[in-house]
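The values are calculated or read from the model by the stated rules, or taken from the named source; none is laboratory data. Since the model is a prediction, treat every value here as computed from it, not as a measurement. Cβ: placed from backbone, ideal geometry, glycine included. Neighbour counts: every protein chain shown.
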Amino acid sequence: MLQRMELVDLKLVPSENGEGNVYVYINPSEEERKYLVDALKLDEHTLSSALDPDEQARLEFEPEHTAIILKRPRNYSSEDRFVFRIASAGLFLFADKLIVVLGDNVPLFLGKQFLRIASLQDLALKMIYSSTAHFLEHLKIINMVSDALEEQINTSMHNKYLLNLFSLEKSLVYYLNGLSSNSRLIERVKHNAAKMGIGGESLEFLDDMAIENGQCYEQAEIYSNILASMMDARVSIVSNNLNWLMKTLNIITIAIMLPTLVVSIFSMNVSFPGKDHPGMFWIIMGLALVSVVLVRTVWWWKKW
Amino acid sequence: MVVHRTVVVTNPAGLHARPSAAIAQAVRRLRAKVEIRNRNEVVDAGNILEIMTLGAAQGAELQVTAKGPDAELALDAVIAEMAKRYE
């Protein structure tokens with residue numbers, strides 16, 4: 001799917017004449033990929049990298065354009081079962097156009113950073129920055145989910161909440177990898193700023209991007225460390241909750257077992273003293289009750 | 001006070017992580033119990049874990065029900081968060 005847009009008066013708007021200078025290819029078809037490779041001379045491998053979630057972020061210089069592969073968080077869907085994944089995106093910066101290649105259909109160019117776009121280079125930088133902001137928002141959500149799971153674990157005996165926490169831990173590893181990869185990309189863009197036609201305010205913006213990305217990485221690292229270090233404690237809590245349940249069930253079983261024994265002894269089909277006594281039923285009931293009190297007293301005395 | 005409304009998910013990525021978190025936060029601030037129904041599944045809108053497992057894709061028709069003193073406010077807040085566009 002192709003979306004054509006253009007930069008008009010420092011704003012990005014949908015192209016009215018069908019031309020434009022910003023082309024967004026979402027999950028490009030075979031025909032579109034052929035056009036990009038043959039007509040625009042995009043490197044086939046780099047184009048595939050833009051759609052491959054496992055590729056590292058990088059910067060490559062081609063004769064007619066600069067290729068930027070960046071990492072961004074993939075939008076979460078309920079099938080992901082608390083695993084937050086990352087995806088790649090490709091920005092192909094030509095002198096007169098920017099081609100954006102993405103694997104999935106997500107609304108782009110939202111947020112205050114896109115309210116004023118000075119140039120195509122500026123737009124490319126803001127897209128990298130927007131990816132860091134997206135990572136940061138997802139980190140806050142991971143923290144919220146982790147807190148909610150912790151609340152559930154405190155009273156639960158199920159493994160599913162623990163498994164969800166493991167999924168979050170895995171997500172943070174993906175995020176750390178994506179953020180460190182983007183960090184290297186930002187450094188490379190900074191070193192090659194002049195070659196890419198980036199200067200003035202955009203250079204300052206690049207510094208801000210590096211700081212933001214670094215902070216985001218540190219935050220992900222802290223969350224990951226907290227989750228990893230607390231995991232054993234949470235496993236113990238679930239195990240302990242289960243132990244408490246087993247203990248309660250045991251109390252019930254033993255409390256019923258002794259009176260059952262007393263009643264069964266008197267139910268034997270043999271002659272026993274006082275069997276013809278008119279109050280024998282209540283005597284047996286009384287003995288059964290005494291056995292319950294006895295169990296309770298021993299339990300209390302032993303502090304079980 | 002009980003109020004209901006039906007809303008269609010417009011975001012291409014469906015009701016993903018960020019709107020889910022925003023909805024849960026908005027509901028927790030108000031004195032209302034809000035439920036979201038997607039076909040046969042009903043979840044508590046104040047619980048991020050439940051919203052994230054709702055599986056509401058683009059085009060899904062959700063029934064939002066709010067009870068409590070702030071029911072109307074909570075319903076408006078949930079629908080506003082659902083209508084927001086996220087990257």
Look through the stretch A:98-115, keep the residues that are over 22 Å from the mean Cα position of the chain (by Cα) and within 16 Å of A:Tyr25 (Cα to Cα), and return whichever of them is nearest to the other protein chains (Cβ to nearest Cβ). A:Phe109
Please enumerate the residues belonging to the stretch A:262-304 that are more than 23 Å from A:Asn250 (Cβ to Cβ), free of Cβ contacts under 8 Å to residues at least 12 places away in the same chain and aromatic (Phe, Trp, Tyr). A:Phe272, A:Phe281, A:Trp282
Quick check on A:Leu149: is it in a helix (DSSP H, G or I), among the hydrophobic types (A, V, I, L, M, F, W, C), away from chain B (no Cβ under 12 Å) and surrounded by 21 or more Cβ atoms within 10 Å (Cβ to Cβ)? no
Can you name the residue in the stretch B:62-78 that is under 15 Å from B:Gln25 (Cβ atoms) and touching a strand residue (DSSP E or B) at 6+ places or on another chain (Cβ under 6 Å) and, of all such residues, is nearest to the other protein chains (Cβ to nearest Cβ)? B:Val78
Give the residue that is nearest to the chain's Cα centre (by Cα), with candidates limited to residues of the stretch A:81-97 that are surrounded by 17 or more Cβ atoms within 10 Å (Cβ to Cβ) and closer than 17 Å to B:Ile48 by Cβ. A:Phe84
Considering residues of the stretch B:1-27 that are within 14 Å of chain A (Cβ to nearest Cβ) and among the hydroxyl-bearing types (Ser, Thr, Tyr) only, the residue nearest to A:Met144 (Cα to Cα): B:Ser20
Which of the numbered conditions does A:His158 fail, given that it passes all the others? Conditions: (1) touching a helix residue (DSSP H, G or I) at 6+ places or on another chain (Cβ under 8 Å); (2) at pLDDT 90 or above. (2)
Residue check for A:Leu125: among the hydrophobic types (A, V, I, L, M, F, W, C), more than 30 Å from A:Tyr161 (Cα to Cα) and under 31 Å from the mean Cα position of the chain (by Cα): yes
Please find, within the stretch A:152-176, the residue that is farthest from the other protein chains (Cβ to nearest Cβ) out of those that are of a type in the set (Ser, Thr, Tyr) and over 14 Å from A:Ser224 (Cβ atoms). A:Thr155
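Would you check if A:Ala118 is modelled with pLDDT of 90 or more and either surrounded by fewer than 18 Cβ atoms within 10 Å (Cβ to Cβ) or more than 14 Å from chain B (Cβ to nearest Cβ) (or both)?
No, not satisfied.
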Any idea which of A:Ser167, A:Ser183 is part of a helix (DSSP H, G or I), modelled with pLDDT under 95 and hydroxyl-bearing (Ser, Thr, Tyr)? A:Ser167
Which residue is farthest from the other protein chains (Cβ to nearest Cβ), if the candidates are limited to the stretch A:177-196 and must be touching a Ser or Thr at 6+ places or on another chain (Cβ under 8 Å) and crowded, with 17+ Cβ neighbours inside 10 Å? A:Met196
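From A:Gly214, A:Gly274, A:Gly286, grab the single residue that is more than 60 Å from the chain's Cα centre (by Cα) and part of a helix (DSSP H, G or I). Step through it out loud before you land on a result.
On the way: A:Gly214 fails: more than 60 Å from the chain's Cα centre (by Cα); A:Gly274 fails: part of a helix (DSSP H, G or I).
Answer to the check: A:Gly286.
Could you grab me the full set of residues in the stretch B:62-87 that are under 12 Å from B:Asn11 (Cα atoms) and not in a helix (DSSP H, G or I)?
Selection gives B:Lys84, B:Arg85, B:Tyr86, B:Glu87.
Just for the stretch A:68-97: of the residues that are part of a loop (DSSP other than H, G, I, E, B) and of a type in the set (Lys, Arg), which one is farthest from the other protein chains (Cβ to nearest Cβ)?
Checking each candidate, the answer is A:Lys97.
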In the stretch A:11-64, which strands (runs of 3 or more DSSP E) lie fully inside it and hold 2 or more residues that are touching an Asp or Glu at 6+ places or on another chain (Cβ under 7 Å)? A:22-26
Being away from chain A (no Cβ under 13 Å) and part of a strand (DSSP E or B) is the filter; apply it to the stretch B:28-61 and report the residue that is surrounded by the most Cβ atoms within 10 Å (Cβ to Cβ). B:Val34
